[in-house]
Each structure stands twice: as structure tokens, then as C-alpha cells.
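Worksheet for the structure shown next.
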Amino acid sequence: MFKLLSNVWNQFKEYVVLVILVILSLSLLTQNNNPQVQKVRAVAFGSFATITSVFYDLFNITQLKNENSALRQVNAELMMQLSMLREQGILNRELKGMLELKDTISFPLIPATIVSKSLSITQNTVTINKGIREGIKPGMPVLSYRGLVGIIQSCSENFSIARTIKNVDLKLTVKNEKNRLNGIMKWDGEKLVIVDVPRTFDFDLGDRIITSEISSIIPVPIPVGIVSNIEEEKTGILNLIHIKPFEEVLSVENVFILMMLGNVEKNNLELNFYNRK
Amino acid sequence: MKLKYVLPLFVFIPVVLIQLTVIPFVAIQEVVPNLILIAVVYFSISNGQIFGTITGASYGLLFDLISGNLVGSHMLSKTVAGFVAGYFSGETRREKYLYTYSFTLVVLLSALADAMIFSFFSVIDFNTNFLMALFNHALLPSIYTSIVSILVVVIPYKRAFD
């Protein structure tokens, strides 16, 4: 028996090693939501990001961080206010001035810098130099003064990883600012698209797309991009809306984290409603 | 412990640092060269198929942990890439494939295997044209990676002449 195994090993050892490692990889793929795996990942990227942040600064000579930081924060706050004003303006027109909305919402923004980017066509993530210590939590939106950049995926003590909008795993509810029509936006590996939009929906080139308040991830309106193309799907009843994002993930360096999470109570209430027997 | 077993670990850190910090500056429409894969191919041809497969798996796992990707996705793709590159290892083949422009072809083949497997786990969308997806997600990054891998061949020769 031992001799047989020995012969098999000698003849096929390369394949045996390959099969063992492939099985190991596949089993790890199924364990991604395991808290232990997430903990190991948080420690690993947190430790490495400390080195990366120093290295990144050396090459990132274009940024004048300190001087620009305050201006960018003002810009981001103005962008959020402008976005809110647009929202309120449209709502006010629709309700013929009868509805009084109090502008009581303030947006706590934490300025942060991208310390590394893991770029691929499908899985773009960025590492940001703010973490649990600053109160960052998974699910918080990451934005620049131009618009939405992504969502925090996981955090360590001092760093966080964010999925950018150009990541196939991030799907967001967005809406057309002009006519309030909602849709699901995703990155298909080549472009940002709103999928399965009925042809009767009135989308035009140049329409501004913002995040929708019905989103369980980002319940505030943040600019995302503009409609760049409208493609008819093969079925003939649905359209594919192409979006040109306001922020280019490749070039963004300084971002803000919106200290706001989707309302858990609201989500639970909706889930309970859908799950009730 | 033999140096050849420890060397990949020492190489990994600078390679990943460059991959995550410098390489984004040379991206063309989100297409970036994969330096980690070039290192895996190099070690696989230098030290054999088993060594290359294990190096690929280790590099992939570490990169998954560091970059925040799906844990196991790069590990799987780099394992197979290291295995593919290992076919070009061996006493007689090593010189031929490691120090000539054939190295870029081996990198291209391994990068294709790597990118196709990685894309399979990240873009499973039946609405997308399969050939177009293959072209965009596998072929373009692989070609870019193999072009960059020319440096591995050119730089040692240039040093020798200098």
C-alpha cells in the first residue's frame, strides 16, 4: 500500500500538490463571511497598509495634502449641500410649495487619503488611512467633492478598505434626479450601468444620476454620474443605461467618509414585512 | 534553510508594494500589469513546477488578505498560473525560458490562465458576451503583463553589458 502511494506520489506529485491547493482555495472562497477570516484579513491589510501609506506618499508627489485638505472638505460639504438643495428644489416644485422641509440634516464628513489601490477590471478596491479609531464602520459611503467613490468594506484600527463603484460586487439603488425613477446600478466589468430599465422610463442623455433614498446602503442623495448612453437590450422591452461617473476612481487621491450608515431599524422592519408568513 | 525557499518571501513585499502603490499610475483604462504573476512565473521556471504552484498559492493568499479581495480568488488563480509556468521548468528548459524573450510568452500564457480563472469568480454575468469578456478581462491585462515582463529579460542583460 505504502509502495503504491509512493509510486503515485512520485509519478503525479505535481498534480497532487495542485489539487490540494485548488481544494484549499475553493474552501477558503466559501469561508469569506467567516468572522475569523475577516479578522485575519483586517489584521493583514491593517499591518500592510501602514507600510503602503509611507510608500504611496513618496510617489504621490502631485498632492499638496495639507493645503488642499481644508478646501476639499469645504468643496465636499458644498457638493452635499448643493445635492440636498437640488433634491429639495425638485420636491418643493412637485408639492407646489405646500410641503415645508426643515433643513436639519448635517453631514459629518471625515477627510481621508487613499494609501493604496488594488486595481483590476472587475474588483477595484482602495485602502484608506482612516479606520475604527476614527469611528469608521463597514457600509459607510466614501465620496470625493465630485461624487460617490465607493463603500467601506472592512476596517482595521487605522485603515479601511473600500469597494469602489467600479467593483462588480457593489450594486446600488440610484435614481434619475430629473424624474425620480429608480434603478439598480452596477459595474459590469467594462462600464457603469443601470440594468433592466423598462423602455417606458424616461431617461435622456445627460441626466444626472444620484443615490436613492430607498437604498439600504446609502440613504442620502450623493451624485454618481450622468447618463452617457442608452442601449436597448436584446429582449426589446428593457434598456441598459450607461453611466459616466463624476469621480474617476483611477485618479482620486483624497476622499471623505460620510459617517452615516443605512438605518438598521428601517431595514429590519422592511425585512420583517417581506418575511412575514 | 536554503535561500531559494526564503527568497520568494523577501521578494513578495517589495513586489506587492509596487503593485499597490506605483502600478496604479501606469494603468490604462483600469488595465494594470500584474507584477506578482511575473514573480510567480519567474520562481516557477527557476525552481520547478511544485515550487511554482506553492509560491503561486502563497502569493495569491497573501495578496487576497492584503488587498481586500475575495479570500481564495487570487490564491486559486495564481496556483494554476504557477502550475502552468512550471511546465517550462527543467534543467534544459530553464536557460531557454528564463533568460530569453520566451519568458514573456510563458508570462502571457500564465497570465491568461490567471486572469480567466480570476474573472470567472468575479464576473459571472450571462448578459455579457463571453468572447468580449474574455478579451477585456483576460487578454488585455495579460498582454500588458507580458510586455512589462520584458524588463525581467532586458535588465539583467543590460547590466551584464554595462
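The values are calculated or read from the model by the stated rules, or taken from the named source; none is laboratory data. Computed from a predicted structure; not experimentally measured. We place every Cβ from the backbone using ideal geometry, glycine too, and count neighbours over all the protein chains shown.
Things worth noting here:
- Odd one out for residue A:30, checked against (1) exposed (fewer than 13 other Cβ atoms within 10 Å of the Cβ); (2) more than 30 Å from residue A:113 (Cα to Cα); (3) out of contact with any Gly (no Cβ under 9 Å at 6 or more places or on another chain): (3)
- Residue among A:165, A:184, A:151 that alone is surrounded by fewer than 16 Cβ atoms within 10 Å (Cβ to Cβ), in contact with a strand residue (DSSP E or B) (Cβ under 6 Å, 6 or more places away or on another chain), part of a strand (DSSP E or B) and β-branched (Val, Ile, Thr): A:184
- Check on residue B:145, within 14 Å of another protein chain (Cβ to nearest Cβ), modelled with pLDDT of 85 or more, surrounded by 14 or more Cβ atoms within 10 Å (Cβ to Cβ) and under 30 Å from residue A:153 (Cβ atoms): yes
- Among the residues of the stretch A:58-90, those identified as at pLDDT below 70 and in a helix (DSSP H, G or I) are A:58, A:59, A:65, A:66, A:67.
- In the stretch A:243-255, residue surrounded by the most Cβ atoms within 10 Å (Cβ to Cβ) [restricted to those that are within 14 Å of chain B (Cβ to nearest Cβ) and assigned to a strand (DSSP E or B)]: A:245
- Residue in the stretch A:125-141 that is facing chain B (nearest Cβ under 10 Å), under 25 Å from residue B:120 (Cβ atoms), in a loop (DSSP other than H, G, I, E, B) and among the β-branched types (Val, Ile, Thr) present: no
- Candidate set: the stretch B:25-61, residues that are free of Cβ contacts under 8 Å to residues at least 24 places away in the same chain and aliphatic (A, V, I, L, M); chosen: the one farthest from residue A:120 (Cα to Cα): B:61
- Residues of the stretch A:1-54 classified as of a type in the set (D, E, K, R), more than 10 Å from chain B (Cβ to nearest Cβ) and under 30 Å from residue B:14 (Cβ atoms), total: 1
- Residue match in the stretch A:210-226 (condition: within 24 Å of residue B:28 (Cβ to Cβ) and surrounded by fewer than 22 Cβ atoms within 10 Å (Cβ to Cβ)): yes
- Only one of the numbered conditions (1) touching a helix residue (DSSP H, G or I) at 6+ places or on another chain (Cβ under 9 Å); (2) surrounded by 24 or more Cβ atoms within 10 Å (Cβ to Cβ); (3) more than 11 Å from chain B (Cβ to nearest Cβ); (4) not aromatic (Phe, Trp, Tyr) is violated by residue A:113, and that is (2).
- You will find that of A:171, A:191, A:186, the residue that is modelled with pLDDT of 85 or more and over 12 Å from the mean Cα position of the chain (by Cα) is A:191 and no other.
- Qualifying residue in the stretch B:86-109 (condition: surrounded by fewer than 19 Cβ atoms within 10 Å (Cβ to Cβ), more than 8 Å from chain A (Cβ to nearest Cβ) and among the acidic types (Asp, Glu)): yes
- Any hit, the stretch B:27-38, residues being more than 7 Å from chain A (Cβ to nearest Cβ) and of a type in the set (Gly, Ala, Ser): no
- Pairs are defined by a Cβ separation below 8 Å, a sequence spacing of at least 6 or placement on different chains, a first member in the stretch B:63-74 that is more than 7 Å from chain A (Cβ to nearest Cβ) and crowded, with 24+ Cβ neighbours inside 10 Å, and a second member that is of a type in the set (Gly, Ala, Ser) and part of a loop (DSSP other than H, G, I, E, B); the pairs so defined are B:64/B:72.
- Top-ranked residue of the stretch A:204-236 - restricted to ones that are modelled with pLDDT of 80 or more and within 14 Å of chain B (Cβ to nearest Cβ), ranked as farthest from residue A:191 (Cα to Cα): A:232
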